[in-house]
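The values are calculated or read from the model by the stated rules, or taken from the named source; none is laboratory data. Quick caveat, the model's predicted, so the values are computed rather than measured. As a convention, Cβ positions derive from the backbone with ideal geometry for all residues, glycine included, and neighbour counts pool all protein chains shown.
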Amino acid sequence: MNNTLLNVKELQVHFKVYGGILKVLNDVTLTVNEKEKVGLIGESGCGKTTTMKAIIRILPWNAIVPKAKIYFKGKDVMKMNDSELKKLRRSSISMIFQDPTAALNPVFKIRDQIFDVVKYANLEMGKNLSKKEIEEEAIRLLREAALPEPERILDSYPFQLSGGMRQRVCIAMALASARELLIADEPGTSLDVTIEDQILRLLKQIVEERRTSIILISHALGAVKGFVDRVYVMYAGCIVESARTFDLFHEPLHPYTKGLLAAVPKLTGGGIPEGIKGRVPDYMNPPLGCRFITRCVHAMPICERKQPRMVNAGNNHEVACFLYGE
Amino acid sequence: MRLATYLAKRIGYTIFVLLGLSILIFTLARVLPGDPARMALSPRAPEWAIEKLREQLRLNEPLPVQYLYWLRDVFSGSLGESLVTRRDVLTDITEFLPATLELLLFALIFDVAIAIPVGMLAGRKANTWVDNLVRGFAYIGVTIPAFVFAIIFLLVFGYILHIAPVVGRLSPGVVPPPRITGLFTIDSLITGNFSTFVDALSHLILPSLALALGPIAQEARITRASVVENLNKDYILASVSHGLPERLIVLKYLMKPSLIPTVSIMGLDIASLIGWAFLVESIFNWPGMSRYGIIAMLRKDLNAIVGVVMVTGLVFAIANILVDIIVSLLDPRIRMVERAK
């Protein structure tokens with residue numbers, strides 16, 4: 001039925017830091033199908049961004065990847081050489097960063113930055129555009145990102161634009177080179193709430209019109225709920241649950257997901273919810289078994305010894321917890 | 001604000017700074033012990049001759065009056081007579097300044113040509129052996145003063161290896177090119193005298209390199225640090241994630257923001273270059289303004305001391321205006337803020 005676009009299996013990423021090694025990603029497994037909208041949720045520092053950076057291979061120098069199977073349309077991304085990687089980045093996958101202020105080069109006009117991206121994206125498709133064609137294409141992309149007066153935007157420096165406009169510029173640049181998969185890393189978190197809402201609506205509209213896939217990273221559960229088809233829940237470098245959006249929000253299985261959903265204050269009353277007690281574990285010495293054990297109300301002896309695997313709880317709802325299956 | 005208005009404003013500030021500097025150095029030169037008139041004439045000169053010279057130099061007037069006389073002379077295009085050369089100090093300086101400027105110019109060329117590529121390379125290869133090597137040499141360069149390098153170069157390359165000449169601006173017997181700018185390399189090129197150019201250039205290499213090593217080390221370190229910092233910035237990751245060619249990322253998107261701190265530091269380093277030039281010129285027997293200044297100080301040649309300091313101040317001020325312009329070209333944020341003022 002669905003063709004798999006991206007398939008990530010048992011991805012591990014560690015970071016070498018002063019005083020040891022941070023074992024951040026622990027066997028992350030996820031898939032994205034063609035034209036599918038996938039959400040990835042979890043609290044800050046759980047490795048959402050690291051997972052995405054690993055997929056397009058832009059991890060920092062101190063990252064170690066002991067184990068990784070990343071396939072994009074059946075091709076092994078980890079084994080790609082420079083030109084294959086460039087092709088992937090120019091024509092298939094693109095990433096929108098969390099903070100548009102940091103993601104735009106402060107000392108170049110938008111014109112410089114978007115022109116280069118458009119130029120090389122088209123070059124990869126065998127189209128050597130003239131300066132004028134590049135400008136037309138850039139303006140078209142800025143319009144698609146719902147920016148008014150694109151000509152004026154081109155002649156601005158990033159610091160002359162508002163946060164929302166910067167993020168739209170980043171979206172326009174990403175659109176130039178994302179024909180198959182768009183990765184949006186908390187695209188509204190650094191903006192105020194109304195702008196965040198606009199940005200998410202825009203992204204949804206764009207991916208539906210273009211029929212591309214998207215991975216939306218967020219910790220705004222409400223935003224994810226109205227946007228994506230399927231959700232992955234991440235905790236401390238592990239995927240703990242995955243399900244269709246409706247199923248996940250109505251029948252969360254993993255204790256962490258339950259806690260996460262319960263932590264959202266409700267308009268219907270009940271005051272400020274308690275949230276999940278405790279903290280994300282120390283990545284230098286993570287628990288041997290389930291990484292959620294330190295905060296879990298259902299912790300059992302087996303959770304200490306063994307890492308839970310993802311089991312199917314029916315209806316494509318998978319969960320990594322010993323309370324279910326086995 | 002247009003560039004012209006900005007420049008006019010900066011030049012206005014500079015005039016005030018130079019006026020302040022002139023008052024300071026004018027007073028300092030005169031309150032130091034030692035009678036310039038007695039030092040100019042021989043120790044056994046008769047008292048009436050010394051008194052006559054003091055009168056002529058207006059040394060018996062109160063200090064503010066002396067200063068106003070000096071200022072009047074400056075506006076009529078004279079820096080006063082030197083007691084050593086018996087010529088107008090301005091004439092002396094126009095004769096000796098080009099040699100120093102040439103030395104500074106080549107030191108700057110070495111500085112920019114070595115510090116920036118080396119710093120960029122070390123930053124991109126951070127924490128590898130290349131980086132460690134660069135950082136090691138940079139520590140040495142930052143800690144050892146220029147005159148020590150000058151002496152080492154003089155001994156090693158001049159007297160032991162005979163690689164390059166170490167005395168003066170030209171080899172004995174080589175006729176200086178006709179004076180156009182006073183910079184031998186440029187003048188000889190203009191007049192098409194290539195062998196003189198090569199000779200002048202070979203004389204420049206060791207002193208200007210000795211002078212440049214400190215700033216090179218300093219700026220390579222600064223460049224490395226900002227490259228390392230910028231490499232981890234999201235905008236560089238974004239450029240990589242868009243699949244731009246590596247050369248474009250490094251030479252355009254990484255280099256421009258990384259050079260902003262380097263160029264700012266360069267303004268400070270130019271000051272140290274001028275300072276160290278005084279010693280390096282002495283070591284290489286370079287007939288420049290610094291040597292003239294040292295003789296002036298030893299002989300307490302009042303007008304020459306003030307003249308040399310003022311010209312040094314002027315060179316420094318001009319260099320810093322240029323640095324500010326380059327920084328504002330590199331960084332639109334600075335440019336816009338300056339214009340908004």
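Which condition from (1) among the hydrophobic types (A, V, I, L, M, F, W, C); (2) touching an Asp or Glu at 6+ places or on another chain (Cβ under 9 Å); (3) surrounded by fewer than 20 Cβ atoms within 10 Å (Cβ to Cβ) is the one that A:ILE64 breaks?
Looking at each condition in turn, A:ILE64 falls short on (2).
If you go through the range A:84-121 one residue at a time, how many are assigned to a helix (DSSP H, G or I) and either on the phi > 0 side of the Ramachandran plot or touching a residue at least 24 places away in the same chain (Cβ under 8 Å) (or both)?
Selection size over the range A:84-121: 18.
Output the residues belonging to the range A:223-257 that are modelled with pLDDT under 90 and more than 16 Å from the chain's Cα centre (by Cα).
Within the range A:223-257, just A:GLY226 meets the criteria.
Could you list, in sequence order, all residues of the range B:56-88 that are in a helix (DSSP H, G or I) and more than 18 Å from B:THR27 (Cα to Cα)?
Hits for the range B:56-88 are B:GLN56, B:PHE75.
Here is a check on your reading of the model: is B:LEU155 closer than 30 Å to A:LYS16 by Cβ, in a helix (DSSP H, G or I) and without any contact (Cβ under 8 Å) to a residue 24 or more places away in the chain?
So B:LEU155 fails the test.
Yes or no, residue by residue, for (1) away from chain A (no Cβ under 14 Å); (2) at pLDDT 90 or above:
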residue	(1), (2)
B:ARG291	yes, no
B:MET297	yes, no
B:LYS300	yes, no
B:ALA304	yes, yes
B:ILE325	yes, no
B:PRO332	no, no
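What about A:ILE114, is it among the aliphatic types (A, V, I, L, M) and either away from every other protein chain (no Cβ under 14 Å) or touching an Asp or Glu at 6+ places or on another chain (Cβ under 8 Å) (or both)?
Considered against the rule, which asks whether it is among the aliphatic types (A, V, I, L, M) and either away from every other protein chain (no Cβ under 14 Å) or touching an Asp or Glu at 6+ places or on another chain (Cβ under 8 Å) (or both), A:ILE114 comes out as no.
Residues that are loosely packed, with under 15 Cβ neighbours inside 10 Å and either in contact with a Ser or Thr (Cβ under 6 Å, 6 or more places away or on another chain) or touching a residue at least 40 places away in the same chain (Cβ under 8 Å) (or both): does the range B:122-138 have at least one?
For the range B:122-138, residues loosely packed, with under 15 Cβ neighbours inside 10 Å and either in contact with a Ser or Thr (Cβ under 6 Å, 6 or more places away or on another chain) or touching a residue at least 40 places away in the same chain (Cβ under 8 Å) (or both): absent.
Can we say B:LEU314 is in contact (Cβ under 8 Å) with a residue 40 or more places away in the chain, out of contact with any helix residue (DSSP H, G or I) (no Cβ under 6 Å at 6 or more places or on another chain) and not charged (D, E, K, R)?
Judged against the criteria, B:LEU314 is a match.
Looking for whichever is under 19 Å from B:PRO98 (Cβ atoms) and buried (at least 19 other Cβ atoms within 10 Å of the Cβ) here; the options are B:LEU213, B:LEU189, B:LEU183, B:LEU201. Which one fits?
Criteria check complete, one pass: B:LEU183.
Can you pull out the residues in the range A:174-198 that are modelled with pLDDT of 85 or more, farther than 15 Å from A:LEU88 by Cα, out of contact with any Phe, Trp or Tyr (no Cβ under 6 Å at 6 or more places or on another chain) and within 14 Å of another protein chain (Cβ to nearest Cβ)?
A:ALA184, A:GLU186, A:PRO187, listed by residue number.
Say we look at the range A:71-111 and pick out the residues that are charged (D, E, K, R) and touching a Pro at 6+ places or on another chain (Cβ under 9 Å); which of these is farthest from the other protein chains (Cβ to nearest Cβ)?
Once the filter is applied, the top-ranked residue is A:LYS109.
For the range A:61-73, how many residues meet the condition of being over 17 Å from the mean Cα position of the chain (by Cα) and touching a residue at least 24 places away in the same chain (Cβ under 8 Å)?
Qualifying residue count, the range A:61-73: 9.
Within the range A:259-273, identify whether any single residue is within 21 Å of A:GLY47 (Cβ to Cβ) and surrounded by fewer than 20 Cβ atoms within 10 Å (Cβ to Cβ), and answer yes or no.
Within the range A:259-273, one or more residues are within 21 Å of A:GLY47 (Cβ to Cβ) and surrounded by fewer than 20 Cβ atoms within 10 Å (Cβ to Cβ).
Check off (1) within 14 Å of chain A (Cβ to nearest Cβ); (2) in a helix (DSSP H, G or I) for B:THR312 and give me the number that stays unchecked.
(1)
I'd like to verify a number: residues in the range A:50-66 that are modelled with pLDDT of 90 or more and within 18 Å of A:LYS16 (Cβ to Cβ), how many?
So the count comes out to 10.
Going by the structure shown, is A:LYS16 farther than 24 Å from B:PRO245 by Cα, of a type in the set (Lys, Arg) and within 14 Å of another protein chain (Cβ to nearest Cβ)?
yes
Within the set of pairs 6+ apart or on separate chains, which have a first residue in the range B:218-242 that is under 22 Å from A:ILE110 (Cβ atoms) and facing chain A (nearest Cβ under 7 Å), a second that is in a helix (DSSP H, G or I) and of a type in the set (S, T, N, Q), and C-beta atoms under 7 Å apart?
Hits for this filter: B:HIS242/A:SER177.
Taking the range B:1-40 on its own, how many of its residues are more than 29 Å from B:THR85 (Cα to Cα) and in contact with a Gly (Cβ under 6 Å, 6 or more places away or on another chain)?
The qualifying residues number 0.
How do the helices (runs of 4 or more DSSP H) wholly within the range A:157-244 filter down when requiring 3 or more residues that are crowded, with 21+ Cβ neighbours inside 10 Å: which remain?
A:163-177, A:193-210
Where the second residue is part of a helix (DSSP H, G or I) and surrounded by 18 or more Cβ atoms within 10 Å (Cβ to Cβ) and the first is acidic (Asp, Glu) and lies in the range B:253-270, which pairs have Cβ atoms under 7 Å and are six or more apart or on separate chains?
Listed by first residue and then by second, the contacts come to B:ASP269/B:PRO215; B:ASP269/B:GLN218; B:ASP269/B:GLU219.
Quick check on my filter: what residues within the range A:1-44 are in a loop (DSSP other than H, G, I, E, B) and within 24 Å of A:ILE206 (Cβ to Cβ)?
Hits for the range A:1-44 are A:ASN2, A:ASN3, A:GLU34, A:LYS35, A:GLU36.
Within the group B:SER188, B:SER258, which residue is part of a helix (DSSP H, G or I) and away from chain A (no Cβ under 14 Å)?
Answer to the selection: B:SER188.
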